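One structure is given here, and the rest of the page talks about it.
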Amino acid sequence: MQRRAERQLHWYPREWRARYGEEFTELLVAELGERPHSAHRCFDLACSGLTARLAAAGLAGRPLDTESAGRRSLATLAAVLSIFAVVAVALWAQLTIGWQWAPPATRATSLAMVVMSLGVLAVGALGLLAIAPVAWIVLRSIAARWRHLLGPIGLVAGGLVVLAVGTHHFANGWPGTRGHPWSDQGIVPGGVAAYAWASTLFVTSYWLHPAALARFPGDEVAWMLVSPAAVAALIVGAVRVVRRVDIPPGVIRYERRLGHVAVVVTASYLTGAGLWVVDGGAGPRDLFQIGSIDIAELAVLALLVVVTGRAASRVMSGRPPVARA
């Protein structure tokens, strides 16, 4: 029963277990002694544990450490927007390949391409604006807190190096390199599209078709396995950096404003992508064919837009509220 109680305690985040784990385990062991099997208890533990994890991520309630609430919401916002960027670029890269070979057959697809291209550009610009002040704070803090920041910075640097080298190598195999004259009308530069495709090569439905995947070159399959690990290292490292540095309230307010802008930008991109999926067509030679992976990506993007709005609304200075009489 002790081991069962300790396993069920892992529904809760680490900081919650550190503060309440011992006492809660004793209560849970006593409960297990009276009722060894209870579906209702398991459901309650899962719900309350996930709620505590949402609070720890700055998405619901209040975390145990109220002083770090702003950094937690900001770190979650950074992670969600990073994942959104990966999925959005993967979906956008599919359209850039089709556009290189043939113009879209429907206005919906053409409009979707324009909206999605502007959305990708805006997300990139917001990312640079958000990273700049935090990077400066990290540089100023690294001398005094290098022991705490060395690991996360190493993850960020390692992920960036792997992505830069691998993307540069595989961009040469971009399927749009033998396009047609209308691809040079300025909507998406070929080099940008090639790097976007190579960096998100792992976002594909070929994982569900091993026979087709086995026909891919070995180094390409290896890159499809390594690149998501590099992306994960980059995101995890960035989140840990944000959580471990002391960010002034003014910078947090600035990041919150950027977060609100990001909600509008991501929703706009989602609208463009939805326009293509709902009203677009396959186009010439099925170059703009809509598959199950596109519908799944659209659903993921919709969820990420909602989480982005939630995280942006909860980014605050982190100071506890002042009680009023």
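At a 10 Å Cβ-Cβ cut-off, how would you order Ser199, Ser73, fewest neighbours first?
By the 10 Å Cβ count, ascending, the order reads Ser199, Ser73.
Which angle between 0 and 90 degrees, to the nearest 10, do you get for helix 107-141 versus the longest principal axis of the chain when only C-alpha atoms count?
The angle comes out at about 50 degrees.
Classify region 2-56: rounded, prolate or oblate, from the alpha-carbon gyration tensor (a ≥ b ≥ c, eigenvalue square roots; a/c under 1.5 rounded; otherwise prolate if a/b is larger than b/c)?
It comes out oblate by the Cα gyration axes.
Which of the three applies to region 188-299, rounded, prolate or oblate, going by the alpha-carbon gyration tensor with a ≥ b ≥ c and a/c under 1.5 meaning rounded?
oblate
In nm, give the distance between the simple-model label positions of His40 and Asp219, each being 7 Å from the Cα along the Cα-to-Cβ direction.
Between His40 and Asp219, the label points sit 6.2 nm apart.
At most 16 other Cβ atoms within 10 Å and a DSSP loop assignment: could you name the trypsin sites (Lys or Arg not before Pro) in region 77-179 that fit?
Answer in residue order: Arg145, Arg178.
Which of Glu297, Glu26 comes first, and how do the rest follow, when ranked by fewest Cβ neighbours within 10 Å?
Result, fewest neighbours first: Glu26, Glu297.
Across region 219-231, in residue order, what do the Karplus-derived ³J(HN,Hα) couplings come to in whole Hz, using 6.51 cos²θ - 1.76 cosθ + 1.60 with θ = phi - 60° and x for Gly and Pro?
5, 5, 5, 4, 5, 5, 8, 7, 4, x, 5, 5, 5
For the pair Arg14 and Val278, how long in nm is the line joining their label points, each one 7 Å along Cα→Cβ?
4.3 nm
Using 7 Å Cα-to-Cβ label points, what is the Leu160/Arg147 separation (nm, one decimal)?
Here the answer is 2.6 nm between the modelled labels.
Values in this text are rule-based calculations from the coordinates and carry no lab data. Predicted, not measured: the structure shown is a model, and the values here were computed from it. Cβ coordinates were reconstructed from backbone atoms using ideal geometry, including for glycine residues, and neighbour counts include every protein chain displayed.
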